[in-house]
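Worksheet: the structure to be examined is printed underneath.
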Amino acid sequence: MAESEAMLRRVPSRSSWQRVRKARPHLLLSRRGRRRFGVLTRGELRRLRKRLLRAHALGGDWKLGAPAGAHVAVKCKLRARSRPAARRQPAPSGPPAPCPQLCSLLNPRNHSTPQSRSGRPVQKVSPNVTQPVRDLGSGRVLLMLPPGEGFTFSGICRVTCIYGQLEVYGHIIKQGQPPQDVFSVYTHSYLTINGVPYSEPEKSEKGVRREIRALLKPYTKLDDRDWAVRYFPPLGCILILERMQTRFVDFLKTYRCSSYVLLQENIPARVNSEFVTLKKIGIRRQKRKKGICLSESGLCALEELVSVSCVDGCPVILLCGACDIGKSTFNRILINQLLNSIPGVDYLECDLGQTEFTPPGCISLLNITEPLLGPPYTHQRKPQRMVYYGKMNCHNDYESYIEIVKYVFRDYKREFPLVINTMGWVSGDGLLLLVDLIRVLTPNYVIQLYSDRDKFTPTLTSEYVELTDGLYTKSKIKRYRGFDIPEFGDNLEFTDEEKECIPLPVFTGHTVMTVKSEFLSSKNEKNRAKYNKIFRDLAVLGYLSQLMLPMPEPLSPLHSLTPYQVPFNAVAIRIMHADVAPTHILYAVNASWVGLCRIVDEMKGYPQGPILLAQNPICDCLGFGICRGIDMEKRLYHILTPLPPEELKTVNCMLVGSISIPHCIFKNQPGPEGTVPYITTEYKLNLPGATENIGERTYGNAVSRHKLRQRRK
């Protein structure tokens, strides 16, 4: 034993040193590696080399450093972090690295360790070290993301995945797919572009470099491709960010109430080269904590819902929770993750105040086939069926609300999973109304969001819904064998023989998932109404942006567009939110936001008009428009709408609700000299129904507070 220990301490022969030098990796002992020690003399370098070779010959790990030169090896590792990672040859054998789940990317505290090409863990980038960014010119930026790392930003841009896979808002963008427009604005939580880890390619290192150069050739120059190959992280992603130039963006920038939402004009205290590069395309890097972060319960709920939708068919999923708790954000992430696996998702909008795909005040059913990468006002779409309710809430009119929901839900074909969004009113009558909705819509899953700051809300289990009376439905105790027949009422009595002949429906119930909300929100009880007013105005502007002609036609203001002329006797009129005298109907319709609808009755036998409806109809709404004028001599309405002429031919009803036109539309009318139409400063507030114009003041206060917060940061 002593002899063996003595042999281990013996200095290896010259031939052993030569064998070690041939087998060593070219990192520390090459001439390039010597320059990293800079502070050592030649003699110290020679002695250090002998110690490292001796330790390696005896079986030690020279990377960690021998006892005599450990401090130098550690110093080398610290200096090498700022340099590009050394490239290694792929391992000759072994299984590919596992790919982490998508849900872990939505939670920065749940990242799994990515794997490099050699099978060893990749060192994560420090929070102070940013990902490589390169300016390509012409409003384009090249960005590379290591696996598992994210890029949180504010602003709007167009994202193209060149190599690898990306995840934005739950949606996977693969290489070769068309570019996606991403909206990360300060009115909502900032978005994060995550690099999705993928399985190790079978190509060699040289083949990967050749593929990257070929993919970048249509977009970049030779120097840019050399830079990308040099800084490409193992199993990383390469993407191009472009300045977004669309008709929608140009239209919103012309109005004061929306231009500040899209522009990034504030300058931080410290300006670096990355900030200057990103500012050229209109975005700015933000801290990861300002992005979207899901709780563990939210990640588990998403994973289960996606797996059920892909395996078991078409479940009906209903989301409920208090105001500003994150229902819409959870819906977008869920829809985007479902679209990664299935071609489409159906969506039923039951929230009147903050709608997702239509202007406010609507109950609609849509089929979603494209990802949602921004706030609601950035993806206004045409529904399969829509009814214009005309108000932002259903207070004192619950029965009409329930009937409209049933009317729209009737069009659901059960070909895709259905996601149902509900109102944030979950206390008092709102809770009872929610119980009615669950009974009417019979969902398979009820996702109930909660947070520590909200009041206690009972868990809406299947037993709770069955034993609780709603506003218009009764509990299981008061119903005959679990159901009632509305045609006969509650006083219906059957004999024993009749009871045996009646087919009884089977109530399967639903599964409840409670999700703790960790979404950040700038709303509170004091400013909620002001923020919601701004969001409704942005939704209306997003819908009106469809009036703009496609590029390269010049952008035209709304008052310069030619309206449609509609005769008085061609359409019926109804004011939905208030009782208006027939002699004042036209005053209420002029300069108003109108819903263009189709009712069953034909408008015949009315030679003069206008035609007035006695009650609010439940009918299909095809679109919206602005009544910009009324010609009393020719008896014509002047309607400005983006609806095509073939659909306008079927419109025979115009509904006016409490949804108003944004004030910035009236004020932004360049061209007219003197008095601007529909604007006055001599307004008498003592008139019945007169209210102060707080829309612009509300927006100004919100913008001032946002600027103050940015200045403090």
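The values are calculated or read from the model by the stated rules, or taken from the named source; none is laboratory data. The structure displayed is predicted, hence computed values, not measured ones. Don't worry about glycine lacking a Cβ; one is built from the backbone with ideal geometry, like all the others, and counts go over all protein chains shown.
Against the definition (closer than 24 Å to ILE402 by Cα and not charged (D, E, K, R)), how does GLY291 come out, yes or no? Outline the logic, then answer.
Numbers: closer than 24 Å to ILE402 by Cα: no; not charged (D, E, K, R): yes.
No, not satisfied.
For ILE335, only one of the following conditions fails: (1) out of contact with any helix residue (DSSP H, G or I) (no Cβ under 6 Å at 6 or more places or on another chain); (2) modelled with pLDDT under 95; (3) of a type in the set (Val, Ile, Thr). What is its number?
So the condition that ILE335 fails would be (2).
Please work out which one of (1) exposed (fewer than 15 other Cβ atoms within 10 Å of the Cβ); (2) of a type in the set (A, V, I, L, M); (3) closer than 21 Å to SER400 by Cα is the condition ALA581 fails and give its number.
(3)
Condition check ((1) more than 27 Å from HIS395 (Cα to Cα); (2) in contact with a Pro (Cβ under 9 Å, 6 or more places away or on another chain); (3) surrounded by fewer than 12 Cβ atoms within 10 Å (Cβ to Cβ); (4) modelled with pLDDT of 50 or more) across all residues:
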site: TYR412; (1), (2), (3), (4): no, no, no, yes
site: VAL419; (1), (2), (3), (4): no, no, no, yes
site: MET423; (1), (2), (3), (4): no, no, no, yes
site: LEU433; (1), (2), (3), (4): no, no, no, yes
site: VAL440; (1), (2), (3), (4): no, no, no, yes
site: SER475; (1), (2), (3), (4): no, no, no, yes
site: ASP490; (1), (2), (3), (4): no, no, yes, no
site: PRO503; (1), (2), (3), (4): yes, no, yes, no
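Spot the failing condition for LEU294; the list is (1) among the aliphatic types (A, V, I, L, M); (2) farther than 25 Å from LYS455 by Cα; (3) part of a loop (DSSP other than H, G, I, E, B), and only one is missed.
Of (1) among the aliphatic types (A, V, I, L, M); (2) farther than 25 Å from LYS455 by Cα; (3) part of a loop (DSSP other than H, G, I, E, B), only one is false for LEU294: (2).
Would it be correct to say that ILE342 is over 25 Å from GLU242 (Cβ atoms), in contact (Cβ under 8 Å) with a residue 24 or more places away in the chain, buried (at least 19 other Cβ atoms within 10 Å of the Cβ) and in the same structural domain as GLY509 (by TED's automatic domain parsing)? Don't jump to the end; show me each part of the working.
Details: over 25 Å from GLU242 (Cβ atoms): yes; in contact (Cβ under 8 Å) with a residue 24 or more places away in the chain: yes; buried (at least 19 other Cβ atoms within 10 Å of the Cβ): no; in the same structural domain as GLY509 (by TED's automatic domain parsing): yes.
So ILE342 does not fit the description; no.
Can you pull out the residues in region 134-186 that are crowded, with 19+ Cβ neighbours inside 10 Å, of a type in the set (Ser, Thr, Tyr) and on the phi > 0 side of the Ramachandran plot?
TYR169
Output the residues belonging to region 274-312 that are touching a residue at least 12 places away in the same chain (Cβ under 8 Å) and of a type in the set (Gly, Ala, Ser).
Of everything in region 274-312, those that are touching a residue at least 12 places away in the same chain (Cβ under 8 Å) and of a type in the set (Gly, Ala, Ser) turn out to be GLY282, GLY291, SER295, SER297, GLY298, ALA301, SER309.
Only residues that are part of a helix (DSSP H, G or I) and farther than 30 Å from MET244 by Cβ: list them for region 529-586, please. Can you show your working first?
In the first step, residues of region 529-586 are kept if they are part of a helix (DSSP H, G or I); the result is 529-547, 558-560, 568-570, 582-586.
Within region 529-586, ALA529, PHE568, ASN569, ALA570, PRO582, THR583, HIS584, ILE585, LEU586 qualify.
What is the residue count in region 543-558 for residues that are loosely packed, with under 11 Cβ neighbours inside 10 Å and without any contact (Cβ under 8 Å) to a residue 60 or more places away in the chain?
First pass over region 543-558, keeping only residues loosely packed, with under 11 Cβ neighbours inside 10 Å: 550, 552-554.
Retained after the next criterion (residues that are without any contact (Cβ under 8 Å) to a residue 60 or more places away in the chain): 552-554.
Qualifying residue count for the region: 3.
Can you say whether SER138 is in the same structural domain as MET244 (by TED's automatic domain parsing), polar (S, T, N, Q) and free of Cβ contacts under 8 Å to residues at least 12 places away in the same chain, as far as the supplied structure shows? First the steps, then the outcome.
Values: in the same structural domain as MET244 (by TED's automatic domain parsing): yes; polar (S, T, N, Q): yes; free of Cβ contacts under 8 Å to residues at least 12 places away in the same chain: yes.
So SER138 fits the description; yes.
Going residue by residue through region 188-203, is there one that turns out to be touching a Lys or Arg at 6+ places or on another chain (Cβ under 7 Å) and surrounded by fewer than 18 Cβ atoms within 10 Å (Cβ to Cβ)?
No, region 188-203 contains no residue that is touching a Lys or Arg at 6+ places or on another chain (Cβ under 7 Å) and surrounded by fewer than 18 Cβ atoms within 10 Å (Cβ to Cβ).
Select from region 276-305 the residues that are more than 18 Å from the chain's Cα centre (by Cα), more than 22 Å from ILE240 (Cα to Cα) and of a type outside the set (A, V, I, L, M, F, W, C) and list them in ascending order.
Result: GLU296, SER297, GLU304.
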